[in-house]
């Protein structure tokens, strides 16, 4: 076996191979235990079929030795995780996995892994990323990753349908998927009348409980024909495709209730575009970007645009536009800037924090529009701390500061009641003092007919 020197922190579970880096380039090592499958997939042309159909991230072979084979996958700028997806994104990742398994069966292969962490969003769509998750299909063999699919995809989506978007974050707690017994107990009684849910969650949980606690199921052989398996996949696909949830959120229609007129709104867009062009920022992260309105202004001039927001419905709207407009360079993700995705898993490094992934991918510019008053007045974060946070992410920052006369700021200050005096520091002079400790001011501009000022800042 090849000795992996720069092994990726998430790559230790699969004996078939490992992800590692070489001079900053991400590579995948294939171990001898997987040579037979790899060569079959390669020589049959199945890998190429998967690439051509957008089912698997493309890779190229860069080394083939007796001890290991090395492949180089196509670069993914920001790898996203399931607990950062909107409902539609999560649905589409699930449907993609089912489509992939069906395609595998039709071509004599099967997926041995169906974890949601094997899917990410790339060029506007979900894509499977583990080139070593495929095995030869044997007639009558059940889908070995079926339980994993239910725990990682079906259970979170169904619980979100009944209890809201927060259920999609459960993989933060259950990195190996939501236990079937827990998922079954959480289902409302009425849901158990659904044949799909009763079969794939309730009965599956009972079976799992019966055979996982002792050796009763050891050696138990279960067979299922390929056609029967495809019918199950089709049933799951059709059920998930029609899933929806009806949960109102605060910021979904934020831009329809802005406190400035259309001329000021357009002026702000033009200024963002002008400043991004001035510094030639190619990789942009729009923090608190709602439905992507301002990030989308840059879609023809920036190569990568990551838009994060706390509101999952706003992110869902953004994702819908990405699909409709085929915007391959925009990635919408759910993230609370006051509580961003942490590092989880082994040594807290198996799944990296979102802010670490932003830093690692060398974004040029952050947008923080209509955001600082929420950080400062809702989150109670001092200017000095928010300035340091922004400066840790990107070398340039475009930030909008609403002063105390702004209606949103006034509303937030009034909500502080007897503690309002604590926030006397919230003013333009103190903001500029704190931010110029870590930034140089490249440009600043008041937005006409508002109580807001825009700044283009460069990290010192």
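The values are calculated or read from the model by the stated rules, or taken from the named source; none is laboratory data. Bear in mind the structure is a predicted one, so any value in this text is a computation, not a measurement. Don't worry about glycine lacking a Cβ; one is built from the backbone with ideal geometry, like all the others, and counts go over all protein chains shown.
Out of the residues in the range 29-53 that are surrounded by fewer than 16 Cβ atoms within 10 Å (Cβ to Cβ) and not in a helix (DSSP H, G or I), which is farthest from the chain's Cα centre (by Cα)?
The extreme case among them is 44.
Can residue 93 be described as in the same structural domain as residue 222 (by TED's automatic domain parsing), on the phi < 0 side of the Ramachandran plot, touching a strand residue (DSSP E or B) at 6+ places or on another chain (Cβ under 9 Å) and in a helix (DSSP H, G or I)?
Numbers: in the same structural domain as residue 222 (by TED's automatic domain parsing): yes; on the phi < 0 side of the Ramachandran plot: yes; touching a strand residue (DSSP E or B) at 6+ places or on another chain (Cβ under 9 Å): yes; in a helix (DSSP H, G or I): yes.
In short, yes.
Evaluate the range 386-409: report whether one residue or more is over 14 Å from residue 370 (Cβ atoms), modelled with pLDDT under 95 and surrounded by 14 or more Cβ atoms within 10 Å (Cβ to Cβ).
Yes, there is a match, as at least one residue in the range 386-409 is over 14 Å from residue 370 (Cβ atoms), modelled with pLDDT under 95 and surrounded by 14 or more Cβ atoms within 10 Å (Cβ to Cβ).
Looking at the range 384-419, which of its residues are over 28 Å from the mean Cα position of the chain (by Cα) and under 18 Å from residue 438 (Cβ atoms)?
Passing the criteria: 384, 401.
Filter the range 415-430 for residues that are in contact with a helix residue (DSSP H, G or I) (Cβ under 7 Å, 6 or more places away or on another chain) and at pLDDT below 90; which is surrounded by the most Cβ atoms within 10 Å (Cβ to Cβ)?
Of everything passing the filter in the range 415-430, 423 is surrounded by the most Cβ atoms within 10 Å (Cβ to Cβ).
Of (1) in a helix (DSSP H, G or I); (2) touching a helix residue (DSSP H, G or I) at 6+ places or on another chain (Cβ under 8 Å); (3) at pLDDT 95 or above, residue 457 satisfies all except one. Which?
Here residue 457 clears every test but (1).
Can you tell me how many residues in the range 244-267 are modelled with pLDDT of 85 or more, closer than 22 Å to residue 311 by Cα and either crowded, with 17+ Cβ neighbours inside 10 Å or touching a strand residue (DSSP E or B) at 6+ places or on another chain (Cβ under 7 Å) (or both)? Steps first, please.
Going residue by residue through the range 244-267, those that are modelled with pLDDT of 85 or more are 244-245, 262-267.
From what's left, closer than 22 Å to residue 311 by Cα: 244-245, 265.
The next check asks that each one be either crowded, with 17+ Cβ neighbours inside 10 Å or touching a strand residue (DSSP E or B) at 6+ places or on another chain (Cβ under 7 Å) (or both); those that pass are 245.
Within the range 244-267, residues that are modelled with pLDDT of 85 or more, closer than 22 Å to residue 311 by Cα and either crowded, with 17+ Cβ neighbours inside 10 Å or touching a strand residue (DSSP E or B) at 6+ places or on another chain (Cβ under 7 Å) (or both) number 1.
Considering only the range 158-176, I want to know if a residue exists there that is assigned to a loop (DSSP other than H, G, I, E, B), outside the structural domain of residue 316 (by TED's automatic domain parsing) and touching a strand residue (DSSP E or B) at 6+ places or on another chain (Cβ under 7 Å).
Yes, some residue in the range 158-176 is assigned to a loop (DSSP other than H, G, I, E, B), outside the structural domain of residue 316 (by TED's automatic domain parsing) and touching a strand residue (DSSP E or B) at 6+ places or on another chain (Cβ under 7 Å).
Would you mention how many residues in the range 54-74 are loosely packed, with under 13 Cβ neighbours inside 10 Å and at pLDDT 95 or above?
Residues meeting the conditions: 1.
Under the condition of being in a loop (DSSP other than H, G, I, E, B) and more than 15 Å from the chain's Cα centre (by Cα), which residue from the range 333-349 is surrounded by the most Cβ atoms within 10 Å (Cβ to Cβ)?
By that ranking, first place goes to 345.
What residue, among those in the range 313-331 that are under 14 Å from the mean Cα position of the chain (by Cα) and within 23 Å of residue 361 (Cβ to Cβ), is surrounded by the most Cβ atoms within 10 Å (Cβ to Cβ)?
Only one residue fits best here, namely 315.
Residue check: is residue 77 within 21 Å of residue 320 (Cα to Cα) and modelled with pLDDT under 95?
When the stated conditions are applied, residue 77 passes them.
Does at least one position in the range 106-129 carry a residue that is more than 27 Å from the chain's Cα centre (by Cα), outside any loop (DSSP other than H, G, I, E, B) and at pLDDT 95 or above?
Yes: the range 106-129 contains one or more residues that are more than 27 Å from the chain's Cα centre (by Cα), outside any loop (DSSP other than H, G, I, E, B) and at pLDDT 95 or above.
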